[in-house]
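Q: Okay, here's the structure, questions in a sec.
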C-alpha cells in the first residue's frame, strides 16, 4: 500500500512538473518550504507539496504564495515531438513543404494555425540549411530550424 501511495505522489508531481513555471517562478508552498535547496529530490518534494495541497490554484487566484498570473506561461523542456525518431519523415515533409510530421512539429512548438503555412514554407525554403548532409544530426537540424525561425518576422515570436 505504501508503494502505491508513493507511486501516486510521484506520478502527480511529474504531471505538475510541466506546469512548474505557471503562476510565476517560485510559486506555491513547496517552493516556499524548499527555497534555496537544489537537486531533484528537493524539486520533487516541492512539486509534490504543491500538487497534494492544491495551493498553486489558490495562490494564482489570490496573488499569494509567490504566485502571479501576470506573466506568460512557457515550456522550457524538449519539444513534444521527438524528432530523432522521425528525421527521415521530417526531412521528406520539409522537402515537400507539408506533411504530418512537419505539422506535428508546428503544433508542438505552439505555432498558431494561421502561422503554420509560413513555418512550413520557411523550413522548405531552407531545406539545405536544415539538412546540409546525409549525416546531419537532430541537434544540428533543430539548431538550424531555430535560426531560420529567428530570421522570419512571423516566426520570431515562437523562438524563446
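Q: Of all residues in the stretch 125-147, how many are under 19 Å from residue 110 (Cα atoms) and buried (at least 18 other Cβ atoms within 10 Å of the Cβ)?
A: First pass over the stretch 125-147, keeping only residues under 19 Å from residue 110 (Cα atoms): 141-147.
Cutting the leftovers down to buried (at least 18 other Cβ atoms within 10 Å of the Cβ) gives us 141, 144-145.
Final tally of qualifying residues: 3.
Q: Look through the stretch 121-141, keep the residues that are part of a loop (DSSP other than H, G, I, E, B) and touching a helix residue (DSSP H, G or I) at 6+ places or on another chain (Cβ under 7 Å), and return whichever of them is farthest from residue 98 (Cα to Cα). Full working, then the answer.
A: Residues of the stretch 121-141 part of a loop (DSSP other than H, G, I, E, B): 126, 131-137.
With the extra rule that they be touching a helix residue (DSSP H, G or I) at 6+ places or on another chain (Cβ under 7 Å), the set shrinks to 126, 131.
Details: 126: 14, 131: 16 Å.
Across the stretch 121-141, the extreme among qualifying residues is 131.
Q: Inside the stretch 1-62, counting only helices (runs of 4 or more DSSP H) that do not spill past its ends, which hold 1 or more residues that are modelled with pLDDT under 50? Quick ask: steps written out before the conclusion?
A: Working: elements: 2-17, 29-33, 40-53, 55-62.
Those helices (runs of 4 or more DSSP H) span 2-17.
Q: Here are some residues: 153, 92, 118, 114. Which one is outside any helix (DSSP H, G or I) and at pLDDT 90 or above? Working first, answer last.
A: Working: 92 fails: outside any helix (DSSP H, G or I); 118 fails: outside any helix (DSSP H, G or I); 114 fails: outside any helix (DSSP H, G or I).
Going through 153, 92, 118, 114 in turn, just one is outside any helix (DSSP H, G or I) and at pLDDT 90 or above: 153.
Q: Could you list, in sequence order, all residues of the stretch 41-52 that are over 22 Å from the mean Cα position of the chain (by Cα) and closer than 8 Å to residue 30 by Cβ?
A: The answer is 49, and nothing else.
Q: Let me ask another. Residue under question is residue 132, and the condition is that it be modelled with pLDDT of 90 or more and more than 23 Å from the chain's Cα centre (by Cα); does it hold? Before the answer, list the steps.
A: Values: modelled with pLDDT of 90 or more: yes; more than 23 Å from the chain's Cα centre (by Cα): yes.
In short, yes.
Q: Quick check on this structure: which one of 144, 104 is touching a helix residue (DSSP H, G or I) at 6+ places or on another chain (Cβ under 8 Å) and assigned to a helix (DSSP H, G or I)?
A: Working: 104 fails: touching a helix residue (DSSP H, G or I) at 6+ places or on another chain (Cβ under 8 Å).
Among 144, 104, only 144 is touching a helix residue (DSSP H, G or I) at 6+ places or on another chain (Cβ under 8 Å) and assigned to a helix (DSSP H, G or I).
The values are calculated or read from the model by the stated rules, or taken from the named source; none is laboratory data. Note that the structure is a prediction, hence the values are computed from the model and not measured. FYI the Cβ positions are ideal-geometry reconstructions off the backbone, even for glycines, and counts take in every protein chain you see.
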